[in-house]
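One structure is given below, encoded as structure tokens.
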Amino acid sequence: MTLEDIVQREVWGTVVARGAPAPPGPVPTRGAASRRLSVSPASTSETSLYQVLLGARQLVQPGPHAMYARVRQVESNPLYQGTASSADVALVELEAPVPFTNYILPVCLPDPSVIFETGMNCWVTGWGSPSEEDLLPEPRILQKLAVPIIDTPKCNLLYSKDTEFGYQPKTIKNDMLCAGFEEGKKDACKGDSGGPLVCLVGQSWLQAGVISWGEGCARQNRPGVYIRVTAHHNWIHRIIPKLQFQPARLGGQK
């Protein structure tokens, strides 16, 4: 796979149950580190059936700043084994380079040296359901939500609670990252899977995770679970050797 035109322009802008509408302009959404690369969930299949929508704030009548890009191929992580599995990540190659505009810009992928600290506020975006019972109403405006990073030991503890209500304990794997609220009420939801978790580190927007799974939406003791992008650095680099990752010394984290 040859992916030229690796870029270093950062995404600037503001950045899902009980989320708020995202404003017009650039929002760090579905991860892209080059003009022809996107990071998505491993469950993606039937490549010929998919297009990528770029530069859109709403899904119904996306507007003059939006464009569709055809998908050439999808590289799923071979370690992926199904729902709530590790390695729920894929690389999507587009058929043609994407022209960058004020509404279409890439988000950087973090070098493994970057640490996303516990409590750090990051952003999740999507067009998914605003709750377990409802669908996002038309014109289906992109939603945004700030969620704090939760450390893995605490997340494992949360997912071991409430077994008396029928929950089965879940284990957070090494390549997973939790973000959200212990009390619930706000979270990514159905239809958001595969979307990005992005964090402003120093002066760079970095994609920390890919929305993977959870139990319901915004439930108490059940924060969102994401695939940690840095955990798959070697796999990504093997497929796209020329891809450049944003190191910690440029991002501001130690």
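Coordinate-derived values only; no laboratory data. Keep in mind it's a predicted model, so treat the numbers as computed, not measured. Neighbour counts are summed over all protein chains in view; Cβ atoms, including those assigned to glycine, are modelled from backbone coordinates with ideal geometry.
Observations
- The label point for Ala146 and the one for Thr83, both projected 7 Å from the Cα toward the Cβ, are 3.3 nm apart.
- Taking packing as the residue-averaged number of other Cβ atoms within 10 angstrom, the listed peptides 97-105, 164-172 run from highest to lowest as 97-105, 164-172.
- With 0.36 nm allotted per residue and the present C-alpha distance subtracted, the Trp235-Ser160 stretch has 23.9 nm of extension available.
- Net charge contributed by nearby residues that have their C-beta within less than 14 Å of Ser160 (K/R +1, D/E -1): 0
- Too-long pairs where the Cα-Cα distance tops 32 Å, listed order kept, from Lys154/Lys190; Lys144/Lys170; Lys190/Lys242; Lys161/Lys190: Lys190/Lys242
- Packing here is the average count of other Cβ atoms within 10 Å per residue, and on that basis the peptides 135-142, 192-199, highest first, run 192-199, 135-142.
- Report note on the peptides 60-72, 144-156, 223-235: ranked by the mean count of other C-beta atoms within 10 Å, highest first, their order is 223-235, 144-156, 60-72.
- Value of relative contact order over the range 120-231, rounded to a whole percent, pairs C-alpha under 8 Å and six or more apart: 29
- Summary of the geometry: the range 72-112 and the range 138-187, compared by the centres of their Cα atoms, lie 22 Å apart.
- Cα-based shape type of the range 120-231, given that a ≥ b ≥ c are square roots of the gyration tensor eigenvalues and the cut on a/c is 1.5: oblate
- D_trans [Stokes-Einstein, Kirkwood Rh over alpha-carbon pairs] for the range 59-137, 25 °C, 0.890 mPa s, µm² s⁻¹: 146
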